[in-house]
Amino acid sequence: LDGTLVDVEGQGTLIEFDEKKAVLFVARDIANRKQAENILQTAIESIPEGLALYDADDRLALFNENFVKGRGELKNILKLGMTFEEQARLREASGIRDKYHQNKTKIPIEERIRRHQNPSGEAKEEHRPDGTVVQTLEVKMPNGCIALVRTDITRLKNVERALRASYDVLELRVQ
């Protein structure tokens, strides 16, 4: 042993040894697992989309910073281990849902929870008050977990509008 610190996971159990009580302690080197966890966390934080994963019990297992980008008030609500329903009800009670559903019909909270728990796999667009357009996709994985992916598609929508306007001008000239 050279004094190098190593991440370990330990487990102890009471045993009898030479007719005396003793503790058997087993330590496992988990350096490779920790390295893999760090790589995965770095990858999740590096992707430009917002990502949240809910486990099979619908509890928030992880989310990246891009998931809350432009929605700072969510940082105070999102807590690992909370169910989606708990989070949705907190967003409702704090007025956050109203903030992002201005000038359009907001679905009832029970319907939003139902849609989350039984996602259609179809992307939905959200036009935010600041002009950003976010595409949200919820998918249920074979293991019962739910992934929620948010993508800022504002640039794409702006290009689409510009192309449509150019097409309309061109069509008028042709007529």
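The values are calculated or read from the model by the stated rules, or taken from the named source; none is laboratory data. Note that the structure is a prediction, hence the values are computed from the model and not measured. Cβ coordinates were reconstructed from backbone atoms using ideal geometry, including for glycine residues, and neighbour counts include every protein chain displayed. In case anyone asks, the SASA skips ligands and DNA or RNA and just uses the protein heavy atoms, side chains included. Shrake-Rupley method; radii C 1.70, N 1.55, O 1.52, S 1.80 Å.
Against the condition of a type in the set (A, V, I, L, M, F, W, C), out of contact with any Lys or Arg (no Cβ under 8 Å at 6 or more places or on another chain) and not in a strand (DSSP E or B), how does residue 149 come out, does it pass? No; evaluated as a whole, the condition is false for this residue. When the range 6-34 is filtered for residues that are part of a loop (DSSP other than H, G, I, E, B) and surrounded by 10 or more Cβ atoms within 10 Å (Cβ to Cβ), the ones remaining, listed by number, are 6, 7, 30.
Scoring residue 85 on the criteria (1) open to solvent by less than 60 Å² (accessible area, probe 1.4 Å); (2) of a type in the set (D, E, K, R); (3) modelled with pLDDT of 95 or more leaves a single failure, condition (1).
In the range 72-82, the qualifying residues are those that are surrounded by fewer than 17 Cβ atoms within 10 Å (Cβ to Cβ) and in a helix (DSSP H, G or I), and the one that is nearest to the chain's Cα centre (by Cα) is 75. Just to be sure, is residue 3 over 22 Å from the mean Cα position of the chain (by Cα), in a strand (DSSP E or B), exposed (fewer than 10 other Cβ atoms within 10 Å of the Cβ) and not aliphatic (A, V, I, L, M)? Considered against the rule, which asks whether it is over 22 Å from the mean Cα position of the chain (by Cα), in a strand (DSSP E or B), exposed (fewer than 10 other Cβ atoms within 10 Å of the Cβ) and not aliphatic (A, V, I, L, M), residue 3 comes out as no. Taken over the range 35-62, residues that are surrounded by 11 or more Cβ atoms within 10 Å (Cβ to Cβ), over 30 Å from residue 155 (Cβ atoms) and among the polar types (S, T, N, Q) amount to 1.
Might you check whether a residue that is touching a Ser or Thr at 6+ places or on another chain (Cβ under 8 Å), at pLDDT 90 or above and charged (D, E, K, R) occurs anywhere in the range 23-44? Among the residues of the range 23-44, not one is touching a Ser or Thr at 6+ places or on another chain (Cβ under 8 Å), at pLDDT 90 or above and charged (D, E, K, R), which makes the answer no.
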